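Read the structure below first, then the notes.
The values are calculated or read from the model by the stated rules, or taken from the named source; none is laboratory data. Computed from a predicted structure; not experimentally measured. FYI the Cβ positions are ideal-geometry reconstructions off the backbone, even for glycines, and counts take in every protein chain you see. Keep in mind that these areas ignore ligands, DNA and RNA; they rest on the heavy atoms of the full protein, side chains included. Shrake-Rupley method; radii C 1.70, N 1.55, O 1.52, S 1.80 Å.
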Amino acid sequence: MNKRYPVTDLIAELPASVPFVGPEAAERAMGRKFAARIGANESAFGPSPAAIAAMEKAASEIWMYADPENHDLRAAIAAHHGVAMENVVVGEGIDGLLGYTCRLFVEPGRHVVTTVGAYPTFNFHVAASGGALHFVPMNEDREDPQRLLDEAERRDAVLIFFSNPNNPMGTCWPADQVREFAQAVPENRVLVLDEAYIDFAPPGTELGIDPARPNVLRYRTFSKAYGMAGARVGYCIGEAGLIAQMEKVRNHFGMNRAAQEGALAALGDRDHLRDVYAKVASARDRLDAIAEGAGLSAVASATNFVAIDCGRDASFARQVVAALAEEGVFVRMPIAEPQARCIRVTAAPDALLDRFEEALRKVLARLR
């Protein structure tokens, strides 16, 4: 342990790293802004005008703390999903809620199962709580429910992380199979079901919500379809007793007052949401066509991004990402093999995709 700082041994031994290098850090390194920021799965189509107006109004009241109970927003979310307020907890994005989840369930000696290459921020929270992480590989670019169950049984894991649709590949499982998976999770384990991208998934993907099930926690966000990534608003739905446990550890003044008001307004603007769905679907089709035109292939996506297979290995994909950055286009790539053969591009307006298409053509011509 570094004696200069009296941090715990656990924290002292953690690597000094972050899950993602943000586009701002890359811009600082380059000394210029990206012309096309289409790598972080934000919504370039923006939030609802009603949400913007609500946040602007709330800005004049920002001197007041936000409601620590998130009452109005929780009530609206509960009504939207047909559950009770006691089944909903609001937090600082899914990231914050995953941190609270790990505080509840993870400590040294406890085991957690996830997928190689799945959302890395969850892994950081597990590590910071002293948990032991165990990984299973994807199966044909999808998370593998049966292997997760088998590994959880073998390790006696307390948490199983599963995202549907998946990030970084954009793939999904139909609701019937997710239901079978959830029902197969023993009562002494908790299924952490990340549904950040469920709004974009095809019909038959979203699992019906059963708030009575005591070992399933479902995570949703206003960062994707609602276009409020910078506001940091997420929520978790679960059995009332389990949600009450999370209320014990969450940061009760962690929510931004303007973000609360913006999320409440965004939830009520269904017309804007339908417009975003249509634009994302069109952009995914465009990205599929761009990939095909470049001699590459796209993985069928149920999200607001498309994974494009570069046709070689991770080293080549990494060169593509770096070369695109030189052309002013910010994209990312999966962190683990074999998915790291791909680049991941966010659905965006045509002007940004035009820039991406032109840059990709130049980059591939140079690298090939």
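Assorted remarks:
- With all protein chains in place and a 1.4 Å probe, the accessible surface of region 139-288 carries 46 percent carbon and sulfur.
- Point-to-point label distance, R4-Q183, nm (Cα→Cβ direction, 7 Å offset): 5.8 nm
- Checking every one of the chymotrypsin sites (Phe, Trp or Tyr not before Pro) in region 182-281 against DSSP loop status and a limit of 14 other Cβ atoms within 10 Å picks out F253.
- A simple spin-label model places pseudo-atoms 7 Å from Cα toward Cβ; at K248 and A322 they are separated by 4.9 nm.
- For region 263-277 versus region 145-185, the spacing of their alpha-carbon centroids is 29 Å.
- Residue-normalised accessible area of the chain, expressed per residue, 1.4 Å probe, Å²: 44 Å²
- Contour minus Cα-Cα distance for D350 and R368 (0.36 nm per residue): 3.9 nm
- S297-R154 FRET efficiency (beta carbon distance; Förster radius 56 Å; 0.05 resolution): 0.95
- Here Y65 and N139 are evaluated by their C-beta separation; at R0 = 45 Å the FRET efficiency comes out at 0.45.
- Neighbours of A40 by Cβ distance under 12 Å: Lys/Arg scored +1, Asp/Glu scored -1, total +2.
- Within a Gaussian network of the chain (alpha carbon springs, distance under 10 Å), most fluctuating of D275, D285, D309: D275
- Legend: helices of the chain (whole DSSP H runs) are marked when their alpha-carbon atoms reach 24 angstrom or more along the helix axis and their mean Kyte-Doolittle hydropathy is at least -1.0; marked are 270-293, 350-367.
- Among the protein heavy atoms, those of L104 account for about 50 Å² of accessible surface (1.4 Å probe, every chain in place).
- Legend: calculated FRET efficiency, L14 to E337, from the Cβ-Cβ distance at R0 = 22 Å, rounded to 0.05, equals 0.40.
- Restricting region 288-351 to trypsin sites (Lys or Arg not before Pro) that sit in a DSSP loop and have at most 15 other Cβ atoms within 10 Å of their own Cβ leaves R312.
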